[in-house]
Amino acid sequence: MRILSPSILSADFKNLGQQIVDVKEAGAEYLHVDVMDGVFVKSISLGMPVIKSARSACDIFFDVHLMIVDPIRYIEEIAASGADGITFHLEAAEDPMAVIDKIHSLGKHAGISIKPGTDVSTLKPYLDKVEMILLMTVEPGFGGQKLIPESFDRIKAVRKMLEDTGSSADLEVDGGIKKENVQDIVKAGANVIVAGSAIYAGDAAANVKDFLSLINNA
């Protein structure tokens with residue numbers, strides 16, 4: 001199944017509730033929520049109060065991406081705030097399986113992510129343990145970056161790994177995704193697409209519909 005996950009990092013926060021409703025009504029099935037601590041990445045963004053407040057806007061699937069060190073410390077709070085899926089970075093966790101088990105113990109979908117410079121082979125032990133693999137296609141921490149061209153080969157490699165192991169995990173991509181390149185990304189093997197500025201610059205509902213048409217016809 002192909003899914004669009006608009007990133008609220010690029011939303012207009014004075015109208016956040018309405019912008020969440022707008023993308024859901026336009027057909028988006030997920031909402032991507034980035035949590036950054038200023039340590040694992042340079043930026044600081046969105047914490048539990050924002051997630052909890054946004055949760056009251058609608059019942060869309062909250063796809064929460066933790067870009068924080070030692071993520072296991074906050075899994076319970078993130079889950080309680082309203083996350084449906086929680087993705088953490090392999091590079092940030094001392095014991096990735098413990099984080100996965102913690103997420104699952106709270107009844108949430110678990111995802112694992114890697115930065116562009118981390119070899120995709122490091123994901124192998126976790127392919128059948130999580131519901132989602134998230135490949136960053138830019139260096140995490142800032143919106144509006146250009147997609148790293150080598151990402152296409154990485155997407156293809158992870159898709160092959162998933163198929164070879166029989167894993168049903170989704171393959172999500174995040175960073176620099178626009179209408180002009182989204183079909184190539186889907187053809188490479190991704191099935192969950194994160195887009196921020198390309199959705200929220202202009203008419204978010206219209207942009208969601210355009211993206212979904214492109215994704216579903218790739």
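Bear in mind these aren't lab numbers, they're just calculated from the coordinates by the rules spelled out. These numbers were taken from a predicted model, which means no experiment stands behind them. Because the Cβ atoms are built from the backbone with ideal geometry, glycine has one as well, and the counts that use them run over all protein chains shown.
Couple of notes before you dig in:
- The chain, dipole about Cα centre (Lys/Arg Cβ +1, Asp/Glu Cβ -1), debye to the nearest 20: 300 debye
- Linear extension gain, Asp12 paired with Ala80, 0.36 nm per residue minus alpha-carbon span: 22.0 nm
- Simple label model, 7 Å out from Cα along Cβ direction - Lys146 to Thr118, nm: 2.6 nm
- Since only Ser56, Ile75, Leu90 are under comparison, the one whose Cα sits farthest along the positive direction of the charge dipole of segment 1-94, derived from C-beta charges on Lys, Arg, Asp and Glu, is Ser56.
- Rounded if a/c under 1.5, otherwise prolate or oblate - segment 71-205, Cα gyration tensor axes: oblate
- Residues listed by number, segment 175-206, amide nitrogen under 17 Å from Val21 label point at 7 Å toward C-beta: 204-206
- Scanning residues 5 or more positions from Ser113 or on other chains, those with amide H under 5 Å from its amide H are Phe88, His89, Leu90, Leu134, with H placed 1.01 Å from N in the peptide plane.
- Gyration tensor verdict on segment 20-66 (Cα atoms; rounded if a/c is under 1.5, prolate if a/b is larger than b/c, oblate otherwise): prolate
- Classification of segment 17-112 by its C-alpha gyration tensor yields a prolate form. The axis ratio a/c (a ≥ b ≥ c) is 1.5 or more, and a/b outweighs b/c.
- Each Cα pair under 8 Å and six or more residues apart adds its sequence gap; the mean of these over the residue count of segment 111-208 is a relative contact order of 27 percent.
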